[in-house]
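K.L.:
Below you'll find the structure I mean.
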Amino acid sequence: MMYQPKGGIAQMNQMWNHPLQCSHQFKHLDQSLYWIHASHLCSFYKLFFSKSLMQTIVGHTNVYGTKCGDKICKRWFFISLKDFMSFIALVIYMGLFKCSSLKDYWSESQYFSMAFPIKVMSYRNFLRESTAFHLSNTSEDEKNEKKKGTSGYDKLDKIQLLYQTIREACRKYFHPFQNITIDERMVTSQDRAEFKECLTSKSASRGYKLFALSDCTTGYMWDCLIHDGKPSASQNGGLGYDSVMALVDENFLGKGYKLFVDKFYTSPVLFRDLLHKNIWACGPVWANRTGFPQTSVKKLSRNAPRGTIRWIRENELLFVEWNDAREVQMCSTFHKASGEDTVQRKVKDKDGNRNPVDIPIPDAVLDYKRIMGPVDPSSRITAHYRMLHKPKKWYQCFFYHFLDIAVENAFILHQLVTKERNQNVLTRKDFLETLVEELTEIGSGTYFAPVSSSPSPSSNASRSTPFSSPYSDNTGVLHRPKHISEDRTIGRRRCKHCHLKTPIVCVTCNVSLCFQPTRDCFNEWHDLQIV
């Protein structure tokens, strides 16, 4: 059954049946990836969580820990880059091996203890880091809080650096194939924030809404958008319209894509506007959605046999109604009005027996099931922290979610690169296990001092991480320690950092600094100078 309000149906099918041509030749992988050795899995992870990003987080964490140490622990001890990488490794490890509680990973039981976590970090240190890690400058946070209630207030200020860094990295190293999708995610948290919402279909608890654009072929998350609670900018489009138009940016993405979305996003207005950008779209649609044809000509009856199809063409839009177990409505800008394909269903005969029967199925429904069936980007997120360690701060929840995205995208890039080289591809479990091992073995032992405050000399006594030498700052200048005299008891001077006596001087700066395993002022003072 078909309804054709305008133009000849054969002419319309001919228009929308041509092969789709993209506006440019796709180079899906960035050329820099081919220089990465396939066995160095941490290199794929560091494409998203770079060393400079982790150093910045360590610096902000030390500032926050120094300022709010009394609320976190009795006394704050500065963490290093190696400490932070070990913390991330344990978080990934907890997603691989599940325990009933967080303390069980450090259990001392003779039969049920786990050997790996205690070798990496103590339970107290893990809990301290997970409570205190901070993603932004505390002084900038205070300035932003004073702007609350004004147009200059940034609700995402505490995650802005991590948010933008992850987005840029995801877009840089991979370009999607032709089929893409946008899905809704909910980042749950115990914290209270003004842009917290509830997503009934995804989670019973309230959280923060995030829209993710993913590649249907690989599952790679290419871009994301956090909804900060502001009302829709468009008059008739709504939140779904705004999120799609913001993510499907032809300046970054290009043209010639096929976008598959669910009912939340599908609307005639959105699909027409996407077509003007040379981007095709397909998805199920509510029959009461604004713009859906309300004609009753050849309308499907309630008792219509299974497999009955009704097509409605309105210029560039094709609406499909198909009777399966229930009535299905679809909207598409690149499918033709055809029911040549079939699908097998069990249908009751006159005797009441259910027998397999081949029934017609529209191309739009068949393509949607084929493309979107195996794709569920939300289920690929490990969600380890939701079970055992629920952060009370909303920005920490986003950190864990972005960490999951980085690990998942790193695994996908590893798969693509190894396939290009005709090498053996690791399973996801083997990839994560190897990544955890590499994260706990690499990383500098240098301590990164607070960005805006100096460390107290008393906090140096409990360090277990070895100091590094010589020191090279971010400008490439090499700083070398040297004894003032041949006898370490003669000619000692006051340390520039802690003001205690020291026999060491920096040859480059001509500054006296302590250089001992328990008092490494040499590296700490130079860190403060380059921040």
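K.L.:
I'm trying to understand the selection: among the residues of region 327-341, which are under 38 Å from the mean Cα position of the chain (by Cα) and open to solvent by 30 Å² or more (accessible area, probe 1.4 Å)?
P.N.:
Passing the criteria: 327, 328, 336, 341.
K.L.:
Which residues, taken from region 492-523, are open to solvent by less than 40 Å² (accessible area, probe 1.4 Å), out of contact with any strand residue (DSSP E or B) (no Cβ under 6 Å at 6 or more places or on another chain) and farther than 23 Å from residue 78 by Cβ?
P.N.:
Of everything in region 492-523, nothing turns out to be open to solvent by less than 40 Å² (accessible area, probe 1.4 Å), out of contact with any strand residue (DSSP E or B) (no Cβ under 6 Å at 6 or more places or on another chain) and farther than 23 Å from residue 78 by Cβ.
K.L.:
Pick from region 224-281 the residues that are in a loop (DSSP other than H, G, I, E, B) and of a type in the set (A, V, I, L, M): which of them is surrounded by the fewest Cβ atoms within 10 Å (Cβ to Cβ)? Walk me through it before giving the result.
P.N.:
At the first step, the residues of region 224-281 found to be in a loop (DSSP other than H, G, I, E, B) are 227-237, 248-249, 254-257, 261-267, 277-279.
So of that shortlist, the ones also of a type in the set (A, V, I, L, M) come out as 233, 248, 261, 279.
Working: 233: 11, 248: 22, 261: 26, 279: 22.
Selected residue: 233.
K.L.:
Is at least one residue of region 71-82 open to solvent by 10 Å² or more (accessible area, probe 1.4 Å) and of a type in the set (Val, Ile, Thr)?
P.N.:
yes
Results for (1) outside the structural domain of residue 227 (by the TED database); (2) within 18 Å of residue 366 (Cβ to Cβ); (3) in contact (Cβ under 8 Å) with a residue 24 or more places away in the chain, shown as yes or no for each residue.
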site	(1), (2), (3)
252	no, no, yes
267	no, no, yes
270	no, no, yes
275	no, no, yes
280	no, yes, yes
314	no, no, yes
330	no, yes, yes
338	no, yes, yes
343	no, yes, no
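K.L.:
Inspect all residues belonging to region 139-157 and state whether any of them is of a type in the set (Lys, Arg), under 26 Å from residue 438 (Cβ atoms) and at pLDDT below 90. Spell out how you get there, then give the answer.
P.N.:
Looking only at region 139-157, we keep the residues that are of a type in the set (Lys, Arg), and these are 143, 146-148, 155.
Those still in the list that are under 26 Å from residue 438 (Cβ atoms) too: none.
No, that holds for no residue.
K.L.:
While we're here: Could you list, in sequence order, the residues of region 135-156 that are open to solvent by 40 Å² or more (accessible area, probe 1.4 Å) and acidic (Asp, Glu)?
P.N.:
Result: 140, 142, 145, 154.
K.L.:
Continuing with the same structure: Among the candidates 288, 315, 353, 303, single out the residue that is under 30 Å from residue 186 (Cα atoms), of a type outside the set (D, E, K, R) and exposed (fewer than 15 other Cβ atoms within 10 Å of the Cβ). If you could, list the steps in order and put the result at the bottom.
P.N.:
Details: 315 fails: under 30 Å from residue 186 (Cα atoms); 353 fails: under 30 Å from residue 186 (Cα atoms); 303 fails: under 30 Å from residue 186 (Cα atoms).
Result: 288 is the single residue among 288, 315, 353, 303 that is under 30 Å from residue 186 (Cα atoms), of a type outside the set (D, E, K, R) and exposed (fewer than 15 other Cβ atoms within 10 Å of the Cβ).
K.L.:
From the residues in region 104-127 that are under 25 Å from residue 61 (Cα atoms) and part of a loop (DSSP other than H, G, I, E, B), which one is least open to solvent (accessible area, probe 1.4 Å)?
P.N.:
For region 104-127, the residue satisfying everything is 121.
K.L.:
I'd like to verify a number: residues in region 128-168 that are outside any helix (DSSP H, G or I) and farther than 21 Å from residue 86 by Cβ, how many?
P.N.:
Step one: of region 128-168, the residues outside any helix (DSSP H, G or I) are 133-137, 147-156.
From what's left, farther than 21 Å from residue 86 by Cβ: 136-137, 147-156.
Count: 12.
K.L.:
Please enumerate the residues belonging to region 282-312 that are outside any loop (DSSP other than H, G, I, E, B) and either outside the structural domain of residue 328 (by the TED database) or among the β-branched types (Val, Ile, Thr) (or both). Explain how you work it out, then say what you get.
P.N.:
Within region 282-312, the first condition is being outside any loop (DSSP other than H, G, I, E, B), and the residues that meet it are 282-284, 309-312.
If the condition is that a residue be outside any loop (DSSP other than H, G, I, E, B) and either outside the structural domain of residue 328 (by the TED database) or among the β-branched types (Val, Ile, Thr) (or both), then 309, 312 are the ones that fit.
The values are calculated or read from the model by the stated rules, or taken from the named source; none is laboratory data. Just so you know, these numbers come straight off a predicted model, no measurement behind them. Here the Cβ is made from the backbone with ideal geometry for all residues, glycine too, and neighbour counts use every protein chain on show. Only protein heavy atoms, including side chains, enter the accessible area calculation; ligands, DNA and RNA are left aside. Shrake-Rupley method; radii C 1.70, N 1.55, O 1.52, S 1.80 Å.
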